[in-house]
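These notes are about the structure you will find just below.
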Amino acid sequence: MTQDLDHTPLIAAEPRPGSNLPEYSVGDLARRLKRTIEDEFGFVRVRGEISQPKKHSSGHCYLRLKDDTAVIEAVCWRGTVSKLAIRPEEGLEVIVTGRMTTYPGRSQYQLVIESMELAGEGALLKMLEERKRRLAAEGLFDPERKKPIPFLPDVIGVITSPTGAVIRDILHRLHDRFPRRVLLWPVAVQGERAAAEVTAAIEGFNRIQPGGRVPRPDLLIVARGGGSLEDLMAFNEENVVRAAAASRIPLISAVGHETDTTLIDFASDRRAPTPTAAAEMAVPVRAELLAQVLDDERRLLGCANRLIAERRTRVEGLARGLGDPRALLEGHAQRLDDRAERLALAAASLLERRRTRVGELGAKLRHPREKLMQAGERLASESRALDGALRQAVMAARGRYERVGARLTLGPVRIRVSEGGRRLEDLKPRLERSYGKAVEDRAAKLGGVGQLLESYSYKGVLARGFALVEAADGKPLTSAAQAVPGLSVSLVFADGKAAATVDGAPRVEPPKEAPKPRAEKPKAEPKKPTRAPVQGSLF
């Protein structure tokens, strides 16, 4: 006789006479208990506090869920761990969804976790506060680590969703203030993949080498629109905060609205209340810079003109104080001529006295004629030497007086004044060229704004085949309810107008029927096997 193990109760109610209670092996009994628990608790939601979370080398995560009365063993398989919205941590109060099963090897039941979420905002804020305190203790939020934002970056890297309104706001604000080149790294800003993609984007921008095919950004902006605390959880993840703190490129965080604060705001180099404010922090206003440059140019020209005028006045005053150089030299020249004349007379007088003395000595001593001739020749040579020395002294003195007179002229002053005039004349065409270029730039910008305004005109829509319906007073009809039967209207086309009359009532769309609920199929009764099934091991 074959015993049906799937439908026989564990304890027979009343054994018939002559029969015995069914016998089970330990494995059979364990498998029966496993199937019973899995059928009864195939899908459950459990709320509790995480205790002793442990990640195995295989990738599976083992933990316990407890409250003040009981403890349940739980396991999360490797493929599910990577999909969890939060990372299991000690003391977190969570709500998990999964199924109950047993582990026959240890005769215990356990919960197989398929999803996990925080039990409430209070627990979430407690976890964020604990994470903020731990990261701050590592020095990731220190002001000394923050880098200055460049004044005018050439390339700006933006990390955000490519389909949201954030990137359009940033581009529009940059175009209004100072157009720059923007590199967009598209990422998900919400969900399970958001934290990993934002981390990869920050690290990817930092790995770009300067001078490569893709330009390296001078500034990074991590941006996202507003949302709830759960929506912004990706920017509170530890890997995102560490990537922002380790970025070698200055980073501006613009996550959420004015009142939203995430952990990446503390690790970034600058926090912006909104994505638009981040664009304003990134670049200055081009019009203000142009106005400042023009004002500086005007002030520089004014200073140069005043300086030249002051120097000219000072030179003229010094020239008046010096007097006429020729008048100063006339007295010295006359004195020099007098000294030269007196020196020549003194030399002739000295020579005459020497000759007279020599003659007297010759007469007294009656020297021979040869000695007298030699003495006369010696005296003549000494006289010539003395005359040459006197002439050289006179010429040296005259040269010194001439050099002094050349320095006392107004030639250097006139040269400096003429050079200042030439430089002043050179500044005038440069000023005219800069003013002409500023006017051309403003005209080009005005032409671009005119083309943009023309592109927004409704006439371009009419040229593509559409028509504008106007009432008799010229006001456009914007809804079907305004088109009353018998109303005279005008159809405006791209090339003119046409008169028309509304005929009939406006068309009303019938309401859509709600989908019918799908009938549940009845569960088929399990067939009774002819022999006991053999079930493999759980692992």
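Counting residues in the range 217-226 that are over 19 Å from the mean Cα position of the chain (by Cα), in a loop (DSSP other than H, G, I, E, B), within 20 Å of Glu258 (Cβ to Cβ) and modelled with pLDDT under 95 gives one or more.
If you scan the range 171-203, which residues turn out to be more than 21 Å from Met116 (Cβ to Cβ), of a type in the set (Lys, Arg) and either surrounded by fewer than 16 Cβ atoms within 10 Å (Cβ to Cβ) or in contact with a Lys or Arg (Cβ under 8 Å, 6 or more places away or on another chain) (or both)? Arg177, Arg181, listed by residue number.
Restricting attention to the range 291-318, and to residues there that are hydrophobic (A, V, I, L, M, F, W, C) and surrounded by 13 or more Cβ atoms within 10 Å (Cβ to Cβ), which single residue is modelled with the lowest pLDDT? Please lay out each step first, then the result.
Restricting attention to the range 291-318, the residues satisfying the condition of being hydrophobic (A, V, I, L, M, F, W, C) are 291, 293-294, 300-301, 303-304, 307-309, 315, 318.
When the remaining residues are screened for being surrounded by 13 or more Cβ atoms within 10 Å (Cβ to Cβ), the result is 294, 301, 304, 308, 315.
On the way: Leu294: 93, Leu301: 93, Ala304: 93, Ile308: 93, Val315: 87.
Filtering the range 291-318 for residues that are hydrophobic (A, V, I, L, M, F, W, C) and surrounded by 13 or more Cβ atoms within 10 Å (Cβ to Cβ), the one modelled with the lowest pLDDT comes out as Val315.
Tally the residues that are among the β-branched types (Val, Ile, Thr), touching a residue at least 40 places away in the same chain (Cβ under 8 Å) and out of contact with any Lys or Arg (no Cβ under 7 Å at 6 or more places or on another chain), restricting the search to the range 161-170.
Our first condition is that a residue be among the β-branched types (Val, Ile, Thr); within the range 161-170, this holds for 163, 166-167, 170.
If we keep only those that are touching a residue at least 40 places away in the same chain (Cβ under 8 Å) as well, we get 166-167, 170.
With the extra rule that they be out of contact with any Lys or Arg (no Cβ under 7 Å at 6 or more places or on another chain), the set shrinks to 167, 170.
Selection size over the range 161-170: 2.
On the stretch given as the range 227-273, residues that are surrounded by fewer than 16 Cβ atoms within 10 Å (Cβ to Cβ), acidic (Asp, Glu) and outside any loop (DSSP other than H, G, I, E, B) total 1.
Could you go through the range 73-80 and let me know if any residue there is in contact with a strand residue (DSSP E or B) (Cβ under 9 Å, 6 or more places away or on another chain), on the phi < 0 side of the Ramachandran plot, assigned by TED's automatic domain parsing to the domain that holds Ser107 and part of a loop (DSSP other than H, G, I, E, B). There is at least one residue in the range 73-80 that is in contact with a strand residue (DSSP E or B) (Cβ under 9 Å, 6 or more places away or on another chain), on the phi < 0 side of the Ramachandran plot, assigned by TED's automatic domain parsing to the domain that holds Ser107 and part of a loop (DSSP other than H, G, I, E, B).
Residues in the range 269-285 that are touching a helix residue (DSSP H, G or I) at 6+ places or on another chain (Cβ under 6 Å) and without any contact (Cβ under 8 Å) to a residue 60 or more places away in the chain: Arg271, Ala272.
Close contacts from the range 198-219, counting a first residue that is assigned by TED's automatic domain parsing to the domain that holds Thr160 and a second that is exposed (fewer than 12 other Cβ atoms within 10 Å of the Cβ), with Cβ to Cβ under 8 Å and a gap of 6+ residues or different chains, come to Asn206/Arg248; Ile208/Val214; Arg216/Gln209; Arg216/Pro210. When Ala277 is tested against (1) farther than 16 Å from Asp169 by Cβ; (2) surrounded by 15 or more Cβ atoms within 10 Å (Cβ to Cβ), only condition (1) is not met. Summed over the range 35-61, residues that are in a strand (DSSP E or B), among the aliphatic types (A, V, I, L, M) and over 45 Å from the mean Cα position of the chain (by Cα) total 2.
This table checks each residue for (1) in contact with a helix residue (DSSP H, G or I) (Cβ under 9 Å, 6 or more places away or on another chain); (2) in contact (Cβ under 8 Å) with a residue 12 or more places away in the chain; (3) over 27 Å from Arg47 (Cβ atoms).
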{"site": "Gly91", "(1), (2), (3)": "yes, yes, no"}
{"site": "Thr102", "(1), (2), (3)": "yes, yes, no"}
{"site": "Arg106", "(1), (2), (3)": "no, no, no"}
{"site": "Gly139", "(1), (2), (3)": "yes, no, yes"}
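When you check Asp473 against the structure, is it out of contact with any Gly (no Cβ under 6 Å at 6 or more places or on another chain) and outside any helix (DSSP H, G or I), yes or no?
Numbers: out of contact with any Gly (no Cβ under 6 Å at 6 or more places or on another chain): yes; outside any helix (DSSP H, G or I): yes.
Judged against the criteria, Asp473 is a match.
As a summary of the residue check, Arg312 satisfies the conditions (1) part of a helix (DSSP H, G or I); (2) in the same structural domain as Arg207 (by TED's automatic domain parsing) except for the one numbered (2). Is there a residue in the range 441-461 that is of a type in the set (Lys, Arg) and assigned to a loop (DSSP other than H, G, I, E, B)? No, there is no match, as no residue in the range 441-461 is of a type in the set (Lys, Arg) and assigned to a loop (DSSP other than H, G, I, E, B).
The values are calculated or read from the model by the stated rules, or taken from the named source; none is laboratory data. None of the values given here were measured: they were computed from a predicted structure. When we count neighbours, we look across all protein chains shown, and the Cβ atoms used for this are built from the backbone with ideal geometry, even at glycine.
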